[in-house]
Amino acid sequence: MSATSDAHLQNSLRVTEIFHSIQGESSRVGLPTVFVRLTGCPLRCVWCDTEYAFSGGESLSIADILQRVAGFDCKTVCVTGGEPLAQKNCLPLLSALCDAGHSVSLETSGALDIGGIDPRVARIVDLKAPGSGEEAKNCWENIGLLTAHDELKFVLASREDYDWAVSACRQRRLFERCPILFSPVQGQLDPTQLAQWILDDRLPVRFQLQLHKLLWDNAKGR
Ligand code: SF4
């Protein structure tokens with residue numbers, strides 16, 4: 001992939017926050033990571049924990065973002081939101097971060113097209129279970145674009161959500177496509193119960209708790 005052009009570096013995005021923390025999810029869990037949280041999301045999941053990213057933020061050029069990220073001296077970067085793909089300049093930002101030598105992941109809702117993303121980026125794609133209130137927004141066409149380099153995440157609020165996720169994984173052969181993550185919605189589904197269901201059903205999924213919430217109680221900028 002060619003280096004990001006100077007013109008792209010002047011493109012701007014709305015950014016809610018850039019911060020250094022421990023990755024709380026995915027196969028990168030536990031890694032010191034710089035998070036670039038882009039502003040805005042077209043969804044309204046009932047259990048959303050980043051509503052403060054729906055609006056506001058500051059306008060930063062890609063060059064500005066690269067400079068701030070570089071200040072943390074950290075190879076691993078996660079672009080998140082909100083829904084980062086809601087801003088078209090997210091794509092050149094991701095390429096620019098890769099060009100700068102970072103190991104980049106993208107957290108996306110699964111509602112928008114993930115085609116066109118730089119192949120060096122690991123795509124962490126949510127699929128919205130019924131309990132989110134946003135199941136109808138799932139873009140199932142994305143499934144065919146996923147590779148073993150990507151991950152699919154299900155955030156589950158109930159047994160009904162769990163059964164829905166298992167059914168989706170089996171019917172669409174998702175276990176064979178990429179790593180699958182199952183997480184409980186904090187305060188709604190008992191983590192121990194979810195872990196037991198996964199064991200009982202012999203599911204080849206990764207159970208995960210959001211490490212950053214255990215460490216910092218989901219404080220903003222953490
Ligand atoms: S997609 Fe993510 S940021 Fe948007 S409402 Fe759902 S949980 Fe919140």
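The values are calculated or read from the model by the stated rules, or taken from the named source; none is laboratory data. The shown structure was predicted, so the numbers you read here are calculated from the model rather than taken from an experiment. FYI the Cβ positions are ideal-geometry reconstructions off the backbone, even for glycines, and counts take in every protein chain you see.
So here's what we get for this one:
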read-out: Total residues in segment 101-119, condition more than 14 Å from the chain's Cα centre (by Cα) and over 17 Å from Asn89 (Cα atoms); value: 3
read-out: Conditions (1) surrounded by 18 or more Cβ atoms within 10 Å (Cβ to Cβ); (2) farther than 19 Å from His149 by Cα; (3) within 16 Å of the ligand (Cβ to nearest atom); (4) β-branched (Val, Ile, Thr); number of the one not met by Ile18; value: (3)
read-out: Tally, over segment 167-191, of residues that are in a loop (DSSP other than H, G, I, E, B) and either in contact (Cβ under 8 Å) with a residue 40 or more places away in the chain or closer than 20 Å to Leu31 by Cα (or both); value: 4
read-out: Hey, Thr108 within 16 Å of the ligand (Cβ to nearest atom), of a type in the set (S, T, N, Q) and free of Cβ contacts under 8 Å to residues at least 40 places away in the same chain or not; value: yes
read-out: Among residues of segment 179-204, those that are more than 18 Å from Pro130 (Cα to Cα) and either of a type in the set (Gly, Ala, Ser) or at pLDDT below 95 (or both), counted; value: 1
read-out: Positions within segment 47-79 being within 16 Å of the ligand (Cβ to nearest atom) and either more than 17 Å from the chain's Cα centre (by Cα) or farther than 23 Å from Gly131 by Cβ (or both), in sequence order; value: Ser55, Gly56, Gly57, Cys78, Val79
read-out: In segment 80-91, residue farthest from Asp49 (Cα to Cα) [restricted to those that are in contact with a helix residue (DSSP H, G or I) (Cβ under 6 Å, 6 or more places away or on another chain) and more than 9 Å from the ligand (Cβ to nearest atom)]; value: Cys90
read-out: All positions within segment 192-208 that are in a helix (DSSP H, G or I), of a type outside the set (A, V, I, L, M) and in contact with a Phe, Trp or Tyr (Cβ under 8 Å, 6 or more places away or on another chain); value: Trp197
read-out: Qualifying positions in segment 37-48 - β-branched (Val, Ile, Thr) and either over 18 Å from Val15 (Cβ atoms) or touching a residue at least 60 places away in the same chain (Cβ under 8 Å) (or both); value: Val46
